[in-house]
Each structure stands twice: as structure tokens, then as C-alpha cells.
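Just so it is clear, none of the values below were taken in a lab; they were calculated from the coordinates. Just so it is clear, the structure is predicted and the values come from calculations on it, not from any experiment. Here the Cβ positions follow ideal geometry from the backbone for every residue, glycine too, while neighbour counts run over all protein chains shown.
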């Protein structure tokens, strides 16, 4: 469904506060939660491909094939990568311990940092916006997206 931006007043401070509160609930740290939401994102994109193809065609005159190959397929591949490897990527990594800290052990713990703000590009609006979103979600962060206003139809798809 394409909605005119006139119908949606954007209050980024309110959205940010809500994202921050959700992040602080610690729900996004759970690997199963991250995977479930990545799967949901992929399902939503697939279910609405026809609308995404239509919007790109109206803005750029790109075919559905071109849009799939250069935009959506790249997003799907990114989602699939994280669904397959997220457990391994999230594990603490043992690293060399400095001499001063011996006999201790050192690890790198990968922790989400908060809310990402993703500013979309006009030329490849789906891949250059959604791939950073997928990465933020996989890392356990929340995210806000500000699509480019130049491709009018794509911005609302």
C-alpha cells in the first residue's frame, strides 16, 4: 500500500524514544528474536514484491527482473547469511591476552549498541537502505529508516 507522506507526520524524536525504550528492554539481545525478525522481514518483502517492483518502475523505469537482481535479491542474500551464521557470529571470541594480564583470559563480546539511524539512498533505494537494516537487526540493534525523498513512489512502498 502506498501512503502519501502528507498522511504520516514524522516525529523522529518520538520514534527514537520508542526505539530506545524497546532496545533497553533487552529483548533484541536474544538470538532467536533476531532470527525471527529477520525471517519476518524477508516474508514481508516477498509478500509485497509486486508493490516494490511497481514503485521502482514508476520512479526509475527499471524492470522487475532488474529490481530483483540488483536490489531485493541482495537483501534476501544478506538475510539468509545472517539466519545461517548468526549463532556463530554472536559467540564471544577468544583473543590473545597481554602479558600484564596473565594468567587471565581475554574475549571479545559482541554487544548491540542501541538504535541505528539509516538514511536511504535514492539510486538503489531498497538495497542501500535494507541491507544496513538487516545488519542492524542481526546485531541486535533497533533501527529507524529515513528513505530518500527523491524517488517519490519508492519512498512510500
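The table below gives the values:
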| quantity | calculated |
| --- | --- |
| The listed residue being within 18 Å of the chain's Cα centre (by Cα) and over 29 Å from residue 87 (Cβ atoms), out of 45, 52, 72 | 52 |
| Test for residue 134: is it farther than 30 Å from residue 69 by Cβ and out of contact with any strand residue (DSSP E or B) (no Cβ under 7 Å at 6 or more places or on another chain) | no |
| Residue in region 67-89 that is within 18 Å of residue 51 (Cβ to Cβ), out of contact with any strand residue (DSSP E or B) (no Cβ under 7 Å at 6 or more places or on another chain) and part of a loop (DSSP other than H, G, I, E, B) present | no |
| Qualifying residues in region 144-157 (those that are surrounded by fewer than 19 Cβ atoms within 10 Å (Cβ to Cβ) and within 27 Å of residue 86 (Cβ to Cβ)) - the one farthest from the chain's Cα centre (by Cα) | 146 |
| Some residue of region 89-96 being touching a residue at least 12 places away in the same chain (Cβ under 8 Å) and surrounded by 14 or more Cβ atoms within 10 Å (Cβ to Cβ) | yes |
| Matching residues, region 51-68, being in contact with a helix residue (DSSP H, G or I) (Cβ under 8 Å, 6 or more places away or on another chain) and surrounded by fewer than 13 Cβ atoms within 10 Å (Cβ to Cβ) | 63 |
